[in-house]
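Peer 1: One structure coming up, written as structure tokens, with questions to follow.
The values are calculated or read from the model by the stated rules, or taken from the named source; none is laboratory data. Everything quoted here is computed from the prediction, not taken from an experiment. FYI the Cβ positions are ideal-geometry reconstructions off the backbone, even for glycines, and counts take in every protein chain you see.
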Amino acid sequence: MDTKAVINLGPYSRGGLSRGLRPVAAADHDMMTKQKLVPGGILEVQTGRPFLFFTESAKTSDFMADGIELWWRESQSRLAGTKRLVVNLDNGPECSGRRSQFLRRMVDFSTREKLEVRLIYYPPSLLSGH
């Protein structure tokens, strides 16, 4: 589970790069962005299946917890019989093992769904190659 940088929504050039099959028309200046999205994502390691979720506000512990709950609601039937979730996290400020709001949300989720939820934290220095 991870979040990425804010994405400006609109006809912006994104540094001249296009991910589509055809080039897209873009504004020649990225001025006064009206809407932004923060992406979050979950990768199911065993299946390679990605799950993306977004917010128009800041990436917070509630955003991260909401993302896990949304993923679970959409995946629950496919994962019938699952008793334990292992969630790999980068120990960032929104999902830190010291972040009481995130931990409370995970305990509530675990209790409500009758799941064992293991939060595995990796030091950011290992993830960034420093």
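Peer 1: Kindly indicate the residue of the stretch 31-50 that is touching a helix residue (DSSP H, G or I) at 6+ places or on another chain (Cβ under 9 Å) and of a type outside the set (D, E, K, R) and also modelled with the lowest pLDDT among those meeting that condition. Even if it seems obvious, please write down each step before you answer.
Peer 2: Filtering the stretch 31-50 down to residues touching a helix residue (DSSP H, G or I) at 6+ places or on another chain (Cβ under 9 Å) leaves 38, 40-42, 44, 49.
Retained after the next criterion (residues that are of a type outside the set (D, E, K, R)): 38, 40-42.
Details: VAL38: 87, GLY40: 91, GLY41: 92, ILE42: 94.
Looking at the filtered set, the residue picked out is VAL38.
Peer 1: Would you pick out the residues in the stretch 79-102 that are within 12 Å of PRO123 (Cβ to Cβ) and not aliphatic (A, V, I, L, M)?
Peer 2: ASP90, ASN91, GLY92, SER96, GLY97
Peer 1: Also, quick follow-up: Can you pull out the residues in the stretch 65-123 that are over 17 Å from the mean Cα position of the chain (by Cα) and at positive phi?
Peer 2: Those that are over 17 Å from the mean Cα position of the chain (by Cα) and at positive phi: GLY81, LYS114.
Peer 1: Sticking with this one: If you scan the stretch 92-104, which residues turn out to be surrounded by fewer than 19 Cβ atoms within 10 Å (Cβ to Cβ) and either aromatic (Phe, Trp, Tyr) or closer than 22 Å to GLU44 by Cα (or both)?
Peer 2: Within the stretch 92-104, GLY92, SER96, GLY97, LEU103 qualify.
Peer 1: A follow-up question, please. Would you say GLY20 is at pLDDT below 90 and not in a loop (DSSP other than H, G, I, E, B)?
Peer 2: So GLY20 fails the test.
Peer 1: Could you grab me the full set of residues in the stretch 79-118 that are aromatic (Phe, Trp, Tyr) and at pLDDT 95 or above? I'd like the intermediate steps shown before the answer.
Peer 2: Quick first cut of the stretch 79-118, residues aromatic (Phe, Trp, Tyr) only: 102, 109.
Listed by number, the list holds a single entry, PHE109.
Peer 1: Cβ contacts < 6 Å: first residue farther than 22 Å from LYS59 by Cβ, restricted to the stretch 75-102; second residue part of a strand (DSSP E or B) and modelled with pLDDT of 95 or more, any location; separation 6+ or different chain. Result?
Peer 2: Pairs that qualify, where the first residue is farther than 22 Å from LYS59 by Cβ and the partner is part of a strand (DSSP E or B) and modelled with pLDDT of 95 or more, are ARG84/GLU116.
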